[in-house]
Amino acid sequence: MAEKLFIFDTTLRDGEQSPGASMTKDEKIRIAKQLERLKVDVIEAGFAASSNGDFEAIRAIAAIVRDSTVCSLARANDKDIQRAADALAGSDNKRIHTFIATSPLHMEKKLRMTPDQVFEQARSSVRFARKFTDNVEFSPEDGSRSDIDFLCRVLEAVIAEGATTINIADTVGYAVPELYGQLVKTLRERVPNSDKAVWSVHCHNDLGMAVANSLAGVQIGGARQVECTINGLGERAGNTSLEEIVMAVKTRKDYFGLEMGIDTTQIVPASKMVSQVTGFVVQPNKAVVGANAFAHASGIHQDGVLKARDTYEIMRAEDVGWATNKIVLGKLSGRNAFKQRLQELGVALESEADVNAAFVRFKDLADKKAEIYDEDILSIVSDEAAAAHEHEYFRFVSLSQRSETGERPHAKVVFSVEGKEVTGDCDGNGPVDATLNAIESKVSSGAELILYSVNAITNGTQAQGEVTVRLSRSGRIVNGVGTDPDIVAASAKAYIAALNRLQSKTEKLNPQL
């Protein structure tokens, strides 16, 4: 039988460290449920000691998720580990993941500790974590830039103390594939008790090689766990992309010879959910989950695919969750047809009330555009779930705007503030600028607009526009997402969504580790 490759998803922890990607507790729960449907082996739900919000999110996920291991990160000290243990107490399938930096640079400049002090701290932290669970992971932070003799000494000691997973972290994306794979291989060969632990890889994408490095760690180094995120989300240039790792190993099973437990048909739904929640749009040419990943523009390619799919397609779109039936419903479609399509898309709403609310939004959209696509339905459901779980201090009501050549655009926006309607009127350099100015004229948030992005959810001039707005205020960065066939209305909704996040007390500042 083929060996198993374990998939460790850290979207909710390392992915959340992207500036502006901070998630609420309810958003984390939604994504955790989708990760469980995806059948990832381990969900790193957060870093319990970083904030009360993260602690509560981990605790909630630990109480709900049953088919995946739930994990919390913890620095190598008793306080962090105790906090992680408390957050995970409700789970029968839990892991504590503790770490400490081992590179000379980090030990001297960041930790201000000697190698001997780091060695003892690593040992004692694993020993303490074992009091709460037999499933303990240890990571040498900045492992790819660490002295190999010192790494061997530390890793032998933590395995002796009971660490069951050893994760070699390429924290700053410094590694290159052959060298990184050889590093993992050498460590496994030189550490006497290496067979007592599962070896793992955790790579960042600063040089664009996170996936390649991770696969080298698996194939050359013999690692059997990969730490990754949906859409490659993560701070700086991101983390190893889950969808790319999974489909590379599945598509090239002839080379890797490994089994996985992943339900690949849940990859695209997971990608869309993470994108919508975080406001980080997936680039069209992104492997596996990008809008163009299975598109063929070349006449030669089109001809080949029509004759035999495998001439130009190495994997099937439906195997990763792309729908083969694009146009599904219209304004005459009933509630049962809508509900059936939700089931076909793998969408599980929590209650009949949620289904009814989503159906109302569907009918509203169907009055505006003739053809409703699967992507439209997924957007409706994501918007509805977000609205159901998040208190809306500000709420969009209506918009009117005037724009003509040679005249300065003007917009009037009606929105509510804690249930009381207000109206903002303003000019701007364009209709979007006028609209956001109109909102800001009544809110006076003082926030800086640092990103404005427009993405068409489907094709054609009737497509819904998805607008992402990123605001910064007092060191806090938040995203807002709005969808509507009218781009200007989508912009207003996105701006108001971001303002709600700035107002929310449940949003947290990300721990930048």
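Observations
- The mean accessible area for residues of the chain, using a 1.4 Å probe and ignoring ligands and nucleic acids, is 43 Å² per residue.
- For the listed peptides 109-117, 396-404, 14-22, a ranking on the average number of other beta carbons within 10 Å per residue, highest first, reads 14-22, 396-404, 109-117.
- Distance histogram in 10 Å bins (all Cα pairs of the chain, percent per bin): 4, 18, 27, 24, 16, 8, 2, 0
- Highest-first arrangement of 180-188, 367-375, where packing means the average Cβ count within 10 Å: 180-188, 367-375
- Stokes-Einstein D in µm²/s, Kirkwood radius over Cα pairs - the stretch 38-82 at 10 °C with 1.306 mPa s viscosity: 146
- Cα centroid separation - the stretch 232-281 against the stretch 429-456, whole Å: 33
- At R0 = 56 Å, FRET efficiency that the Cβ-Cβ distance of GLU350 and ASP149 yields, to 0.05: 0.60
- Computed from the C-beta positions of LYS363 and LYS420, the FRET efficiency with R₀ = 22 Å rounds to 0.20.
- Potential lengthening between TYR255 and LYS442 on full extension [0.36 nm per residue; Cα-Cα distance subtracted]: 61.3 nm
- Gain in span if fully extended, GLU178 to TYR452, counting 0.36 nm per residue against the direct Cα distance: 94.7 nm
- Mean-position separation - Cα centroids, the stretch 352-370 and the stretch 136-166, in angstrom: 53
- Accessible area of the stretch 409-487 belonging to carbon and sulfur atoms, whole % at 1.4 Å probe: 44
- Sorting the segments 268-281, 128-141 by their mean number of nearby beta carbons within 10 angstrom, highest to lowest, gives 268-281, 128-141.
- Of all aspartates and glutamates in the structure, those lying under 14 Å Cα to Cα from LYS110, and not within fewer than 8 positions of it along the same chain, are GLU141, ASP142.
- Neighbours of CYS426 by Cβ distance under 11 Å: Lys/Arg scored +1, Asp/Glu scored -1, total -1.
- Taking amide H as placed 1.01 Å from N in the peptide plane, ILE100 has its amide H under 5 Å from the amide H of SER139, GLU141, each at least 5 places away in sequence or on another chain.
- Subset of LYS28/LYS196; LYS4/LYS33; LYS250/LYS331; LYS272/LYS331; LYS79/LYS272; LYS33/LYS250 violating a 30 Å alpha-carbon distance limit: LYS28/LYS196; LYS250/LYS331; LYS79/LYS272
- Nearest 10 degrees, 0 to 90: helix 78-87 Cα axis against the chain principal axis: 50
- Both radii are taken from the alpha-carbon atoms of the stretch 399-485; with Rh as the Kirkwood radius, Rg/Rh is 0.99.
The values are calculated or read from the model by the stated rules, or taken from the named source; none is laboratory data. Predicted model, so just to flag it, every value in this text is computed and none were measured. No Cβ is skipped: glycine too gets one built from the backbone with ideal geometry, and neighbour counts run over all protein chains shown. Side chains included, ligands, DNA and RNA excluded: accessible areas come from the protein's heavy atoms. Shrake-Rupley method; radii C 1.70, N 1.55, O 1.52, S 1.80 Å.
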